[in-house]
Amino acid sequence: MPIQDGATLKQAIRAGELAVHYQPQVSADGLRLLGVEALARWNHPREGLLSPSHFLGPDAHPAAVFDVGDFVLRRGCEDAARWPGLTLSVNVSPHQFRDPAFPEAVGDIARQAGMPLERLELEILENAWFADVAGARAALTRLRALGVRIAIDDFGQGYSSMGLLHDLPLDKLKLDRAFATGGPGGAPSEAVPQIVALARALGLTVTAEGVETHAQREFMRAAGCDALQGYLFSRPVPAHAIDELLRGA
């Protein structure tokens, strides 16, 4: 059962139990490290290392969502500031995205950490703007004016039309991991090349998530994806593992 209340997670943050792990994002040929996605982890004193699905359910209190989101953004910017050339991708909840003060807070956090805003990418779910498209457009415009890039996370899981994507200031689509295994017999979905072509027409880049096999990598590369992410390349790892990876590059 996910933990829903803000007080418990706030205490965990104060106790130093929350951490951020990073999953690499690589070039389509799998040879170059392009960036990392920041992912929350809870070093629970009894349960061990927990992913957000175990402590942030869909009905989590907004205070919990804000606190965890703020922690991941701050820690991610602090770590990524020492990784020149890498993009830092951070998930943004609808609660954060709809906060009028959020764009300015993002700018302040990045500047305090010494993280160039041009290397920061915020990942937003498709349904984040459904209630207020005009407000979403304004928030995205303010974020991009800071230099921040915007990606639509888990694309294909929701109901966004390509027309709506054309109308919003975006930079990237991240294909839902189901596209890596959604075809017959668990093969990649044949819809991927068409989605990539549409994204290209809108001036968007494409990242494929959930890549776990060499066959999936080759399919996504041939389909025209710009970047790949998944267990084939790396599971989410602590910041020191990224440090070591860069030193060995």
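Throughout, read-outs are computed from the coordinates displayed, never taken from laboratory work. Source: prediction; values computed, not measured. Cβ: placed from backbone, ideal geometry, glycine included. Neighbour counts: every protein chain shown.
Calculate for the chain the 222 nm mean residue ellipticity that helices alone would give, adding -39,500 (n - 2.57) per DSSP H run of length 4 or more and normalising by residue count, nearest 500 deg cm²/dmol.
Computed mean residue ellipticity for the chain: -11500 deg cm²/dmol.
Once the piece of chain linking residue 190 and residue 32 is laid out straight, how much longer is it, given 0.36 nm per residue of separation minus the C-alpha distance between them? Working shown, then result.
Numbers: separation 158, 0.36 × 158 = 56.88 nm, distance 2.57 nm.
That works out to 54.3 nm of additional length.
May I ask for the distance between the Cα centers of the stretch 82-158 and the stretch 3-44, given as a whole number of Å?
Distance between centres, Cα-based: 16 Å.
Contour minus end-to-end for residue 212 and residue 54, with contour as 0.36 nm per residue of separation and end-to-end as the Cα-Cα distance? All intermediate terms of the calculation are to be shown ahead of the outcome.
On the way: separation 158, 0.36 × 158 = 56.88 nm, distance 2.29 nm.
Gain on extension, residue 212 to residue 54, equals 54.6 nm.
Quickly rank 88-99, 14-25 as a protection proxy: mean count of other C-beta atoms within 10 Å, highest first. Could you put the intermediate results ahead of the total?
Numbers: 88-99: 21.1, 14-25: 17.9.
The peptides rank, most packed first, as 88-99, 14-25.
Between residue 43 and residue 247, what FRET efficiency comes out of the Förster formula 1/(1 + (r/R0)^6) with R0 = 25 Å and r the beta carbon distance, rounded to 0.05? Please list the in-between numbers first.
Working: r = 25 Å, r/R0 = 0.99.
In this case the efficiency is close to 0.50.
How much FRET efficiency would the formula 1/(1 + (r/R0)^6) give for residue 105 and residue 201, where r is the Cβ-Cβ distance and R0 is 30 Å, rounded to 0.05?
Working: r = 33 Å, r/R0 = 1.12.
That gives a FRET efficiency of 0.35.
Can you give the charge dipole size of the chain about its Cα centre, rounded to the nearest 20 debye, using +1 on the beta carbon of Lys and Arg and -1 on the beta carbon of Asp and Glu? Spell out each step's value before the answer.
Details: 23 positive and 30 negative charges, 87 e Å.
The dipole of the chain has a size of about 420 debye.
Efficiency by 1/(1 + (r/R0)^6): what FRET value for residue 157 and residue 7, r their Cβ-Cβ distance, R0 = 30 Å, to the nearest 0.05? Could you put the intermediate results ahead of the total?
Values: r = 31 Å, r/R0 = 1.03.
Plugging the Cβ-Cβ distance into 1/(1 + (r/R0)^6) gives 0.45.
Pull out a ≥ b ≥ c, the square roots of the eigenvalues of the alpha-carbon gyration tensor of the chain, then state rounded if a/c is under 1.5, prolate if not and a/b is larger than b/c, and oblate in the remaining case.
It is rounded, given that a/c, with a ≥ b ≥ c, falls under 1.5.
Does the stretch 106-249 come out rounded, prolate or oblate, given a ≥ b ≥ c as the square roots of the eigenvalues of its C-alpha gyration tensor, rounded meaning a/c under 1.5 and, failing that, prolate meaning a/b above b/c?
oblate
Which cross-chain or sequence-distant (5 or more) residues have an amide H under 5 Å from the amide H of residue 91, H modelled 1.01 Å from N in plane?
Under 5 Å from the amide H of residue 91 lie the amide H atoms of 38, 123, each far enough along the sequence or on another chain.
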